[in-house]
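Q: Can you keep this structure in mind? I'll have questions shortly.
Only the coordinates and a few stated rules stand behind these numbers; no lab work does. Note that the coordinates shown come from a computational prediction; the quantities given were computed from them, not determined experimentally. Counting neighbours? That spans all protein chains shown, and the Cβs are built from the backbone with ideal geometry, glycine included.
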């Protein structure tokens, strides 16, 4: 069952938009979930933090930069779990880290992400953490667009959990168009 309160909050924040949108992987879609609108809305952030907290237990958290940083930060505050941030690539200055923060080799880490489409960015984060010795077998996302992320991650022994799926998020819209 979808988290109806979260779906209502995403809609109230105008985070679900309709039209023609180009997605980061190059495809197009007739809807868009604007992560910046829901990640800057305190009601949405609080709901996401509580929902993530219910799923992560006392596991170390990881957020994918840039989009998941607010999500992992509020979830860390909600749970008391420490977190790391996974960059898309190692920075070219200072410590030149790809993963910022601390974790121990062999430590279990769950990756938090905003939106999963193909799953490529989540998988990149999982692989970066695994390369450094973390044990990563779960990614938890706010919205799964149901466009292959679950399957891609499963091929790499990673379970995808979604607070909301695209089917759930768009259910009312689809029902409205069927009634017309």
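Q: What is the diffusion coefficient of the range 1-44 in µm²/s, taking the Kirkwood radius over Cα pairs and the Stokes-Einstein relation at 25 °C with a viscosity of 0.890 mPa s?
A: 220
Q: Follow-up question, since we're still on this one. On alpha carbon coordinates alone, what is the Rg over Rh value for the range 67-180, Rh being the Kirkwood radius?
A: 1.06
Q: Please work out the ratio of the alpha-carbon Rg of the range 30-102 to 2.2 N^0.38 Å and round it to two decimals.
A: Expressed relative to 2.2 N^0.38 Å, the Cα Rg reads 1.20.
Q: While we're looking at this one, here's another question. Any idea what % of Cα-Cα pairs in the range 68-132 are farther than 20 Å?
A: Summing the P(r) of the range 68-132 above 20 Å gives 28 percent of all pairs.
Q: What percent does the relative contact order of the chain come to when contacts are Cα pairs within less than 8 Å and at least six residues apart?
A: 16
Q: If you don't mind, there's one more thing I want to ask. With angles folded into 0 to 90 degrees, how steeply does helix 69-79 sit against the dominant principal axis of the chain? Use alpha carbons for both and round to 10.
A: Around 80 degrees separate the two axes.
Q: In whole Å and largest first, what semi-axes does the C-alpha gyration tensor of the range 1-142 yield when each eigenvalue is scaled by 5 and square-rooted?
A: After diagonalising the Cα gyration tensor, the semi-axes are 26, 19, 13 Å.
Q: If you fit an axis through the alpha-carbon atoms of helix 42-56 and take the longest principal axis of the Cα set of the chain, what angle between them do you get, 0 to 90°, nearest 10?
A: It is inclined by approximately 60 degrees.
Q: Here's another thing I want to ask about it. With a point put 7 Å past each Cα toward its Cβ, work out how far residue 131 is from residue 50 in nm, to one decimal.
A: Using points 7 Å along Cα→Cβ, the separation is 3.9 nm.
Q: So what is the 222 nm mean residue ellipticity for the chain from helices alone, if each DSSP H run of at least 4 adds -39500 (n - 2.57) and you divide by all residues, rounding to the nearest 500 deg cm²/dmol?
A: Calculated mean residue ellipticity at 222 nm is -11000 deg cm²/dmol.
Q: Next question. Working from Cα positions, state the angle (0 to 90°, nearest 10) between the long axis of helix 120-131 and the longest principal axis of the chain.
A: The angle comes out at about 20 degrees.
Q: Of the DSSP beta bridges with both residues in the range 7-127, give the percent that are antiparallel, rounding to the nearest 5.
A: DSSP beta bridges in the range 7-127 are roughly 45 percent antiparallel.
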